[in-house]
Amino acid sequence: MRVEVARHAGICYGVERALKLAEEAAESGAPVRTLGPLIHNPQAVQALRDKGVEVAASLEDASEGTLVIRSHGVSPAIIAAAGEKGLDVVDATCPFVRKAHEAAEVLVAEGYTLVIVGEPDHPEVEGIVAHAGGAALVVEDVADLPATLGTRRVGVVVQTTQSAERLAEIVEALLPRCTDLRVINTICSATAKRQEAAHEL
Ligand code: SF4
C-alpha cells in the first residue's frame, strides 16, 4: 500500500495553540483540566495527562485549579459558570472560531435572521448559537432549509471546518428567497488549505 501525505496535514494551528496553553498552565503545578479532550487523539491526550493535564467531561468534574477551554469554544454561560466556581479559566478558543462568534453576534445585532452552516450537535456550532443569543437556524445542507424562512433578511456564518462547496450551495438556495443576504465566510484557512490539498491528491 502506498501512503501519500497531503501538502497540508497534521495538527492545525488552533489545536496546537490549545495544547501549548494547557501545557503552560500545567507548569504551575496546580490542577489543570481541559473541558473535554483537546484533540481527537488518545496518545496526545495521554501525553498531556503525563504532564498533569486531566480531562473533565463536564464543568461538574472540575472543582478547583485551572480549566482549559478547547479550541471549539463554548457558550459565554459556561465561561461565566466556571468563573463563579472559582476556576482559573484559560480560554483556548481558536481565534478562527472566535471570528465566527463575533460574526454571529454582529449579524444578530444588525437584525439579520441567522443561519449557521454546520453540524447542529457539534460543540463549535453550539458555541456559535450561544454567542448569537440562541436564535439561529443550523443547516447542514440545502434540504435542512425550512419551506418558509419568515424573513427576507438573512445573515450566514459557517462552522470553521465546513467546505466552501457546501456554503456555496446553501447561499445559492437562499439568494432567491432574500432581499438582503449577508454572508460572512468563517471557514478557517487551515480547513481551506487542507481541503485544497486533499483535492490535489
Ligand atoms: S478553526 Fe481551524 S485552526 Fe482553529 S481549531 Fe478549528 S480547524 Fe483548527
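The test for being in contact with an Asp or Glu (Cβ under 8 Å, 6 or more places away or on another chain), hydrophobic (A, V, I, L, M, F, W, C), in contact (Cβ under 8 Å) with a residue 24 or more places away in the chain and assigned by TED's automatic domain parsing to the domain that holds residue 31 holds for residue 53.
Out of 74, 68, 97, 108, one residue alone is away from the ligand (no atom under 16 Å from the Cβ), out of contact with any Lys or Arg (no Cβ under 6 Å at 6 or more places or on another chain), at pLDDT 95 or above and open to solvent by less than 80 Å² (accessible area, probe 1.4 Å). It is 108. Exactly one residue out of 146, 176 is without any contact (Cβ under 8 Å) to a residue 12 or more places away in the chain, open to solvent by less than 70 Å² (accessible area, probe 1.4 Å), more than 21 Å from residue 38 (Cβ to Cβ) and over 21 Å from the mean Cα position of the chain (by Cα), and it is 146. Restricted to the stretch 22-44, and to residues there that are crowded, with 17+ Cβ neighbours inside 10 Å and either within 29 Å of residue 189 (Cα to Cα) or of a type in the set (D, E, K, R) (or both), the residue that is modelled with the lowest pLDDT is 39. Within the stretch 1-21, the residues that satisfy the criterion of being open to solvent by less than 60 Å² (accessible area, probe 1.4 Å) and modelled with pLDDT of 90 or more are 12, 14, 15, 18, 19, 21. Restricting the stretch 175-191 to residues that are of a type in the set (A, V, I, L, M) and part of a loop (DSSP other than H, G, I, E, B) leaves a set whose member that is farthest from the ligand (Cβ to nearest atom) is 184.
The values are calculated or read from the model by the stated rules, or taken from the named source; none is laboratory data. All values reported here derive from a predicted model rather than from experimental measurement. Don't worry about glycine lacking a Cβ; one is built from the backbone with ideal geometry, like all the others, and counts go over all protein chains shown. Note: accessible area is taken over every heavy atom of the protein model, side chains too, but ligands, DNA and RNA are not part of it. Shrake-Rupley method; radii C 1.70, N 1.55, O 1.52, S 1.80 Å.
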